[in-house]
Amino acid sequence: MAQLYKTTMKSKPTIALFGVLTLAAIIAISPSAFGQMSVEVDMAKGAGSSANADCVAANNCFTPNPVTVAPGTEVEWKNTDTVGHTVTSGQPSDNETGTVFDSNGLIKPGAEFKFTFQKEGTFNYFCQVHPWMVGQVIVSASAASTGTPSGTGGNATVPEFGSIAPIVLAIAVISIVVFTAKNRVIPKL
């Protein structure tokens with residue numbers, strides 16, 4: 001019994017290390033660790049004031065515009081303006097409005113709308129209340145090879161651990177199983 005106690009006591013730091021590695025790997029394995037990303041698009045302040053707003057001429061009532069993302073990327077539109085807006089696919093002049101995505105009502109100031117783009121293509125969108133506010137999302141597989149969506153202005157969420165997280169998790173779990181089998185005792189931390 002004394003030998004078992006000594007073996008367990010000597011291996012506590014090792015078990016703690018593998019426990020921490022396991023926890024880090026579990027935290028790292030999330031949708032973003034498997035290549036899914038998120039991009040933020042902000043609605044400019046004052047964009048809804050009139051068709052003569054500064055952002056209309058600059059074509060940045062939605063910023064960034066256009067935004068290029070990889071398939072599987074979630075785009076999150078945040079209303080940083082003082083009035084409500086919509087995010088509706090299509091153009092004000094066509095019959096395809098809202099067929100791909102639609103915020104289904106006003107996005108209040110401070111609120112957001114999210115949509116995940118699965119298929120490649122170019123998607124125009126606008127605000128139904130303020131039709132001069134227009135934007136574009138370009139979904140391209142080539143955006144995945146760069147690692148960061150273009151035109152994001154630093155608003156992309158990129159995985160921190162990437163593909164190494166499953167490897168770290170596997171090593172930690174295997175180490176704990178081997179220790180448990182070798183010592184015939186379940187480690188206590």
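Table: residues versus (1) at pLDDT 80 or above; (2) out of contact with any His (no Cβ under 8 Å at 6 or more places or on another chain); (3) part of a loop (DSSP other than H, G, I, E, B); (4) crowded, with 18+ Cβ neighbours inside 10 Å.
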residue	(1), (2), (3), (4)
128	yes, yes, yes, yes
137	yes, yes, no, yes
144	no, yes, no, no
154	no, yes, yes, no
160	no, yes, yes, no
165	no, yes, no, yes
170	no, yes, no, no
177	no, yes, no, no
187	no, yes, yes, no
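Among the conditions (1) assigned to a strand (DSSP E or B); (2) out of contact with any Phe, Trp or Tyr (no Cβ under 8 Å at 6 or more places or on another chain); (3) within 15 Å of residue 43 (Cα to Cα), residue 122 misses just one, which is (3).
Among the listed residues 105, 46, 72, which satisfies the condition of being modelled with pLDDT under 95, assigned by TED's automatic domain parsing to the domain that holds residue 134 and within 19 Å of residue 140 (Cα to Cα)? From the options 105, 46, 72, the qualifying one is 72. Scanning the range 49-69 for residues that are assigned to a helix (DSSP H, G or I) and farther than 17 Å from residue 136 by Cβ returns a single hit, 54. When 116, 82, 99 are checked against the criterion of being among the hydroxyl-bearing types (Ser, Thr, Tyr) and within 21 Å of the chain's Cα centre (by Cα), 116 stands alone in meeting it.
The values are calculated or read from the model by the stated rules, or taken from the named source; none is laboratory data. Keep in mind it's a predicted model, so treat the numbers as computed, not measured. Every residue, glycine as well, gets a Cβ built from its backbone with ideal geometry; the counts of neighbours run over all protein chains shown.
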